[in-house]
Amino acid sequence: MTRAILLVLLSHWRMHRLQLVTLLTGIALATGLWSAVQAINAEARASYARASDQLALGQFDEIRDPAGSISLSRYVDLRRAGWQVAAVLDGSIRIEGQTVRVMGIDMVSAPALPAVTQTEQSATPPEPADILTAPGRLLVSPDLAPVFEGLDGYPPVIVSTALPPSFVLTDIGVAESLLDRSGQISRLIVLPEQPLDIPSLGDVAPGLIRTSPASQLDTAQLTDSFHLNLSAFGLLSFAVGLFIVHGTVGLAFSHRRGMIRTLRALGVAMPHLVRIILFELVTLALVGGVLGLVLGFFIAGALLPDVAATLRGLYGAPVDGQLSLRPAWALAGLLMAIGGTLAASVHALWRLSEMPLLAGPGVQAWRGSATSWRITAVTGVTMIAGGGICFAMFGGLLAGFVMLAGLLTGAALLLPLVLSLLLAALSRRANGPVAQWVWADMWSQLPGLSLAMMALLLALAANIGVGTMVSSFRLTFTGWLDQRLVSELYITAGDDAQGQLISEWLAPKTDAILPIRSVELPHETGPLFLYGVVDDPTYSEHWPLIARSPEAWARVHNDRAVLINEQLARRANLWPGDVLTLPPDHTLPIVGVYSDYGNPTGQAIVAMPVLDSIVPKVPTRRFGIRVDPSVATDLAQTLRDRFGLPTSAVVQQSAMKAQSLAIFDKTFVVTSALNVLTLGVAGFAILTSLLTLWTQRLPQVAPIWALGQTRAQLARLELVRSVLLAGLTAVLALPLGLLLAWVLLAVINVQAFGWRLPMHLFPADWLRLFLLTMLAAAVAAALPALRLLRLPPADLLKVFANER
Amino acid sequence: MLLTLDHVRKSYPGGRPVLNDVSLSLDAGQTLALTGESGSGKSTLLHVAAALDGFDGGEVTLKGSPLSPLDDAGRAELRRNSLSLVFQQFNLIPSLTVAQNLALHARLADRYDPDWVAHLADRLGLTELVDRYPEHLSGGQQQRVAIGRAMASKPALLLADEPTGNLDETASAVVLDLMLGLVAETGAALLLVTHSMDIAARLDRRAHLSGGKIT
């Protein structure tokens, strides 16, 4: 019996192939966009984990000096006292325009790193002496092999697949020379096997701090917010796709009411039918889900290189640009497809199961009514209020997203009632019979189209909201760059000595030389970079402060005061008037907070003498140079020639800004792509709604045709109807989109990244989006309109002959 | 007795009585025409007898089994295995071919006999139409498919609700001849609801329903 019932149910799709295609497309789009985002996130996280495993980090305790580098003598003291520790020197170099991370480790005492083990077990292992003695060897990740090929001045290279991308592992002696940091140690790795009777760390090396793996801020934590943002957008796309599923399943079930009634009359119990329909839905969800996974894999593959570049640029996170197929990802995608399909179908299935056995098979039962719109609208208002209350009670990024979800879903649920009120008002103002019919007809079509309009509202609001956020960010970022990057030239010397020479040579030729010196310090909020600045009006005139005490800059230079960036201020809730505590026991009054976009970590600025007193001997290799802009280009070339500096070591302000903006734009490539895809899905939802409603159109248009309207006129009115409805929805999406932008800028960004941005409005973008929406609606309505135009009069006459 | 209605009462929501102490019975192989004005409760009585609808009082017994204790699944099983229905609106599955529609009830009841279904198609003049879908058939042809579907499971009881109500005179005569012929051939009992006295006259017995009572 089950087989017979299943065949009857499946026969529906043979008769309604368009519905089947629409349903599978809806499931595939929803699953595809969501899975693409998840694939990107999974790949990035796998890269972080792989990097951590490959470097054997994250499993050992570490010893650090809060003041910066650990001196060689302290390392020796610890070793002599019996501590089994391995010295590590971290840094980065620029090779062929690419930033390469270098990790030097004391290969004699280091634990067995996977890359070293792999090299030792290779067919042609290098002699241990070759690795430990000059010139040494560089173990490099495969992507760097072509970069080092043919380059002089570097030790021989051994390619290892057990290293993260853009990474060089070498002996610490080689790293000292590569990084020009002789005698410096970034941290010590505490090996697992330690003698029982070693003296305490405090006795041997007072001031050094031991940290457990759990307290070390890793890349995955740093990038959590970025991935959460991507997931939120993926979820929005998933929801928009489910609108298509919901609409199609609702219509399909309504078409099947007669079939269901007959099956029940022939002796099939409703619970049995429901179980088989559930099985059918799960099967369809699996088919759509597999299609979605294929789609998602390709979308993710296309987007991953940009995301990887963004993560490398923003966080220095090691992410491969290659996508790999993960069973867990595929399984999660299929479960999302099944869960989403069932969630989108549960209402229609419930209505079907509640249908009385002797009820008529009318399609109208599927459609909404004024009463159901009011109930939906009340639900919408409740969801908006619920989201707001959730954020007010709990706060935080997750609650922020809950508020956002409540706002968007609630607004979508309010849409049918608002549109019906608008149409009723416009209908009352209509003059002439055709205009009155058009408005009345739109009103009567609203129930069938409301789901597509909801999807369109969400997609448009997301477009406006995210677009406004990104554009506001870009505008603010550009202005901020103009303020921050005021030096005409930026120079990076090869070492401290060369830095000193360059500085002396430049002194009489420039308006000001602004050394850029910084050191990484531990802080309760994560790593904190402390910068020193000289007393120069460039800073006080240009540095963008968002909160300040009176005479802030004067106090920085005269009172050992400090300026902190917005991220640190918001994370630690420190503002002017508070104090910043730096290890080991420095307390500095905070006199200002500055915006610092694109930087995930905390930062603070003190006067140069204060930096030297807190951390002596911070390298002086980078400078900002104030000079007459007209001579900057010539001076840059002279510097390169005179000091043998590579092109990348002397950068002009314009190039620096262009580079920063390029990184910024790359950051939002994914967002823009998801924006466009979501809008495309919404356009598809309109098309499918119009096509599925087509079967019910003839009884509505045939009487008007009989009264003297031509098929061409009716076809044009089909287009007008679609465009008008989309237009009204677009108008309603504008305030929702702006509200969304405000939430993103004032709530989500602050929670996720630690900075708040001013909101700017971009009416030209809205107009462009509005026109695009009109075009999409017209294109979606073109096919049904064309069908109507070409419809044989005999088919219209059947309406009156009652033969349908 | 194959079917017995014993003092059956039923009211619509709101309290208006539609069946008021109705009793009748039908033996195996008998044919009974139920006539009455529009709204007299003919279809309701048929729905009650077919276990499609419940009743407020009295009892309906089919093959000796009372219907009132049955739940939804029990009623469904009864409809599947013990009786067949023919509706005025045909109620074919539009997405199944004529052949598939003919076999549907027999397959659901797990009593599918291809030879018998082929014989039915032949008797009903549907052999040339078995690959067509219902939308490509005339009303008379669709009702012949509905009769074939009902008889394919070789039911002991056939319940027909105005089976010719949607057909013209010629088609009505053909459909009625075929249905009565098949009932006679299989020995099934027939309860037929009609408002036509001419059709009623062709059946073994007649009962008239008026004001919710058999008169």
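Determine whether region A:751-759 contains at least one residue that is open to solvent by 60 Å² or more (accessible area, probe 1.4 Å) and either under 22 Å from A:Ser444 (Cβ atoms) or free of Cβ contacts under 8 Å to residues at least 60 places away in the same chain (or both).
Looking through region A:751-759, none of the residues is open to solvent by 60 Å² or more (accessible area, probe 1.4 Å) and either under 22 Å from A:Ser444 (Cβ atoms) or free of Cβ contacts under 8 Å to residues at least 60 places away in the same chain (or both).
Between a residue in region A:256-283 that is at the interface with another protein chain (Cβ under 7 Å from one of its Cβ atoms) and open to solvent by less than 10 Å² (accessible area, probe 1.4 Å) and any residue that is of a type in the set (Asp, Glu) and part of a helix (DSSP H, G or I), which pairs come within a Cβ distance under 8 Å, given they are 6 or more apart or on different chains?
Here the result reads A:Gly267/B:Glu77, each pair linking region A:256-283 to a residue that is of a type in the set (Asp, Glu) and part of a helix (DSSP H, G or I).
Given (1) open to solvent by less than 50 Å² (accessible area, probe 1.4 Å); (2) of a type in the set (Gly, Ala, Ser); (3) over 21 Å from A:Leu679 (Cβ atoms), identify the lone condition not met by A:Ala782.
Evaluating A:Ala782 over (1) open to solvent by less than 50 Å² (accessible area, probe 1.4 Å); (2) of a type in the set (Gly, Ala, Ser); (3) over 21 Å from A:Leu679 (Cβ atoms) leaves (3) as the failure.
Within region A:421-442, is even one residue of a type in the set (D, E, K, R), in the same structural domain as A:Gln709 (by TED's automatic domain parsing) and either touching a Leu at 6+ places or on another chain (Cβ under 6 Å) or open to solvent by less than 40 Å² (accessible area, probe 1.4 Å) (or both)?
Yes.
Here is a list: A:Thr525, A:Thr538. Which entry is within 20 Å of A:Pro609 (Cα to Cα) and in contact with a Lys or Arg (Cβ under 9 Å, 6 or more places away or on another chain)? Before the answer, list the steps.
Details: A:Thr525 fails: within 20 Å of A:Pro609 (Cα to Cα).
After ruling out the rest, the residue left standing is A:Thr538.
Any residue that is in contact with a Lys or Arg (Cβ under 6 Å, 6 or more places away or on another chain) and either under 19 Å from A:Lys657 (Cα atoms) or surrounded by 20 or more Cβ atoms within 10 Å (Cβ to Cβ) (or both) - is there at least one of those in region A:624-643? Don't jump to the end; show me each part of the working.
Initially, region A:624-643 is screened for residues in contact with a Lys or Arg (Cβ under 6 Å, 6 or more places away or on another chain), giving none.
For region A:624-643, residues in contact with a Lys or Arg (Cβ under 6 Å, 6 or more places away or on another chain) and either under 19 Å from A:Lys657 (Cα atoms) or surrounded by 20 or more Cβ atoms within 10 Å (Cβ to Cβ) (or both): absent.
Can you tell me how many residues within region A:760-779 are of a type in the set (A, V, I, L, M) and open to solvent by less than 20 Å² (accessible area, probe 1.4 Å)?
1
Yes/no matrix, rows are residues, columns are (1) touching an Asp or Glu at 6+ places or on another chain (Cβ under 7 Å); (2) part of a helix (DSSP H, G or I); (3) open to solvent by less than 20 Å² (accessible area, probe 1.4 Å):
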| site | (1), (2), (3) |
| --- | --- |
| A:Asp143 | no, yes, no |
| A:Val147 | yes, yes, no |
| A:Tyr154 | no, no, no |
| A:Ala162 | no, no, yes |
| A:Val168 | no, no, yes |
| A:Ser182 | yes, no, no |
| A:Pro199 | no, no, no |
| A:Gly202 | no, yes, no |
| A:Gly207 | yes, no, no |
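Mind checking which pairs have a first residue in region B:63-84 that is more than 9 Å from chain A (Cβ to nearest Cβ) and a second that is assigned to a helix (DSSP H, G or I) and surrounded by 12 or more Cβ atoms within 10 Å (Cβ to Cβ), Cβ under 8 Å, 6 or more apart or different chains?
That search, which allows pairs on different chains as well, returns B:Lys63/B:Ser82; B:Ser65/B:Leu78; B:Leu67/B:Arg75; B:Leu67/B:Leu78; B:Leu70/B:Leu78.
Right, B:Gln89: open to solvent by 50 Å² or more (accessible area, probe 1.4 Å) and within 14 Å of chain A (Cβ to nearest Cβ) or not?
yes
Condition (residue is within 30 Å of A:Leu485 (Cβ to Cβ), of a type outside the set (Val, Ile, Thr) and under 37 Å from the mean Cα position of the chain (by Cα)) applied to region A:675-683: is it met by at least one residue?
yes
With respect to A:Pro515, is the statement that it is part of a strand (DSSP E or B), within 30 Å of A:Gln184 (Cβ to Cβ), in contact with a strand residue (DSSP E or B) (Cβ under 6 Å, 6 or more places away or on another chain) and at pLDDT below 85 true?
The answer is no for A:Pro515.
Being open to solvent by 30 Å² or more (accessible area, probe 1.4 Å) and touching a residue at least 24 places away in the same chain (Cβ under 8 Å) narrows it down to one residue among B:Gly211, B:Gly181; which is it?
The unique qualifying residue is B:Gly211.
Identify, by number, the condition in (1) open to solvent by less than 50 Å² (accessible area, probe 1.4 Å); (2) touching a Leu at 6+ places or on another chain (Cβ under 9 Å) that A:Phe668 doesn't meet.
In the conditions (1) open to solvent by less than 50 Å² (accessible area, probe 1.4 Å); (2) touching a Leu at 6+ places or on another chain (Cβ under 9 Å), A:Phe668 misses (2) alone.
Could you tell me which of the residues A:Gly321, A:Gly313 is open to solvent by 40 Å² or more (accessible area, probe 1.4 Å), modelled with pLDDT under 80 and touching a helix residue (DSSP H, G or I) at 6+ places or on another chain (Cβ under 8 Å)?
A:Gly313
What is the number of the single condition among (1) among the hydrophobic types (A, V, I, L, M, F, W, C); (2) at pLDDT 90 or above; (3) in contact with a Ser or Thr (Cβ under 9 Å, 6 or more places away or on another chain); (4) open to solvent by 10 Å² or more (accessible area, probe 1.4 Å) that A:Leu734 does not meet?
Of the numbered conditions (1) among the hydrophobic types (A, V, I, L, M, F, W, C); (2) at pLDDT 90 or above; (3) in contact with a Ser or Thr (Cβ under 9 Å, 6 or more places away or on another chain); (4) open to solvent by 10 Å² or more (accessible area, probe 1.4 Å), the odd one out for A:Leu734 is (3).
Suppose we filter region B:92-105 for residues that are over 14 Å from the mean Cα position of the chain (by Cα), outside any loop (DSSP other than H, G, I, E, B) and at the interface with chain A (Cβ under 9 Å from one of its Cβ atoms); how many remain?
3
The values are calculated or read from the model by the stated rules, or taken from the named source; none is laboratory data. Keep in mind that what you see is a predicted model, and the values were worked out from it rather than measured. Ideal geometry is used to build each Cβ from the backbone, glycine not excepted, and the neighbour counts take in all protein chains shown. Surface areas here come from the heavy atoms of the whole protein model, side chains and all, with no ligands, DNA or RNA. Shrake-Rupley method; radii C 1.70, N 1.55, O 1.52, S 1.80 Å.
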